[in-house]
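Since the structure comes first, as C-alpha cells, the remarks are kept for the end.
The values are calculated or read from the model by the stated rules, or taken from the named source; none is laboratory data. Here the structure is a predicted model, which means the values were calculated and not measured. Here the Cβ positions follow ideal geometry from the backbone for every residue, glycine too, while neighbour counts run over all protein chains shown. The accessibility values were calculated without ligands, DNA or RNA, using every heavy atom of the protein model including side chains. Shrake-Rupley method; radii C 1.70, N 1.55, O 1.52, S 1.80 Å.
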Amino acid sequence: MTFTIARSGQILRYNVSWQELEEILAEREDSSATRLAYDRETLEIIRPLPEHEYFKEIIGDLIKDLAEELDIDYESFGSTTWKREDKLAGVEPDNCFYIEKEPLIRGRLDIDLRQDPPPDLVLEIDLTSKSLDRQPIYARLGVPEMWRYDKGKLLIYRLESGDYAETETSLFFAEFPVKKITVFVRDNLGIGRRAIRKKFRAWVKSEK
C-alpha cells in the first residue's frame, strides 16, 4: 500500500483494499479526531481544524432546530462511518440525518447499509479543498441529499439518476429557504451559539 501526504492535516493513500480499510477502521484509537473517505481503493484521511468543527456543529444545530420548529421527526448520526463493500464506498460525513426514513431506523443502533437505508441528508464542511470528491461516494451509497458549506455559502445537491444536481430547495423541508441558515451563522458569530439558535428559531417561526 502506497500513500502520499496531500497537504497539512490530510493523507491520501492509493491501492487500499477493502480488507485494509477495515483494518484501518478497527485500529483507529480516536475516530472523532479524523474524517475518512474511501472511493474504489483510494483513501483520504483528514484531521479537521477547529474552524471546520465550529461550522459543522453550529450548522448541525440549526438543522436540528429547523426540524423541531417545523415539527419534523429526525435522527442525527454525526460522523458515523457509512460503507458498502459491494460499492467500494465508505465515508464519514461531518454530520448526517435521517428525516423521511427516520421511522425505519427509530431506536436502532445497528444500522447496516447492506439492508437498511442510508441517511437522507449529509452535511459536508469544505473550508479547504478535499483531494477526494465525496459526491460519487454518497451517490453510490444512495444518499438522497447532500449539503455543502463552502466559503460562507450553503450548496444543496439532490440525487437524480445516480448523480447529484444542484438545487435551491431541500427535499425534506417543504420549500423552506434553508440557504438562509448561513446568514445566521455569518452575521451572528459574535453573539454566541445559544443566542444564534434562539434568533434562528424565532425566524423559522416567523417564516412558517
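Taking residues in segment 192-208 that are outside any helix (DSSP H, G or I), and partners anywhere that are of a type in the set (Phe, Trp, Tyr) and open to solvent by 40 Å² or more (accessible area, probe 1.4 Å), not one pair has Cβ atoms closer than 9 Å while being at least 6 places apart or on different chains.
Here are some residues: 40, 84, 106. Which one is among the basic types (Lys, Arg), within 22 Å of residue 174 (Cβ to Cβ) and more than 16 Å from the chain's Cα centre (by Cα)? I'd like the intermediate steps shown before the answer.
Values: 40 fails: within 22 Å of residue 174 (Cβ to Cβ); 84 fails: within 22 Å of residue 174 (Cβ to Cβ).
From the options 40, 84, 106, the qualifying one is 106.
For residue 70, are the conditions met, namely being surrounded by fewer than 18 Cβ atoms within 10 Å (Cβ to Cβ) and of a type outside the set (D, E, K, R)? Steps first, answer last, please.
Details: surrounded by fewer than 18 Cβ atoms within 10 Å (Cβ to Cβ): yes; of a type outside the set (D, E, K, R): yes.
Yes, satisfied.
The residues of segment 59-81 that are within 16 Å of the chain's Cα centre (by Cα) and assigned to a loop (DSSP other than H, G, I, E, B), listed by number, are 74, 77, 78, 79, 80, 81.
Kindly indicate the residue of segment 96-114 that is assigned to a loop (DSSP other than H, G, I, E, B) and touching a helix residue (DSSP H, G or I) at 6+ places or on another chain (Cβ under 8 Å) and also most open to solvent (accessible area, probe 1.4 Å) among those meeting that condition. Looking at residues that are assigned to a loop (DSSP other than H, G, I, E, B) and touching a helix residue (DSSP H, G or I) at 6+ places or on another chain (Cβ under 8 Å), I get 114. Of all residues in segment 146-169, those that are within 11 Å of residue 125 (Cα to Cα) and free of Cβ contacts under 8 Å to residues at least 12 places away in the same chain have Cβ atoms under 8 Å from Cβ atoms of residues that are of a type outside the set (Gly, Ala, Ser) and part of a strand (DSSP E or B), 6 or more apart or on another chain, in 155/147; 155/148; 155/149; 155/166. Within segment 144-179, being among the small types (Gly, Ala, Ser) and within 20 Å of residue 98 (Cβ to Cβ) holds for 170, 174.
Results for (1) over 12 Å from the mean Cα position of the chain (by Cα); (2) farther than 25 Å from residue 174 by Cα; (3) of a type in the set (Gly, Ala, Ser), shown as yes or no for each residue.
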| site | (1), (2), (3) |
| --- | --- |
| 88 | yes, yes, no |
| 92 | no, yes, no |
| 96 | no, no, no |
| 99 | yes, no, no |
| 102 | yes, no, no |
| 111 | yes, yes, no |
| 117 | yes, no, no |
| 123 | no, no, no |
| 128 | yes, yes, no |
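All of 93, 117 fail the test of being over 23 Å from residue 57 (Cα atoms) and either open to solvent by less than 40 Å² (accessible area, probe 1.4 Å) or not in a loop (DSSP other than H, G, I, E, B) (or both), apart from 117. The residues in segment 24-41 that are at pLDDT 95 or above, more than 19 Å from residue 126 (Cα to Cα) and surrounded by 15 or more Cβ atoms within 10 Å (Cβ to Cβ) can be counted, and the count is 1.
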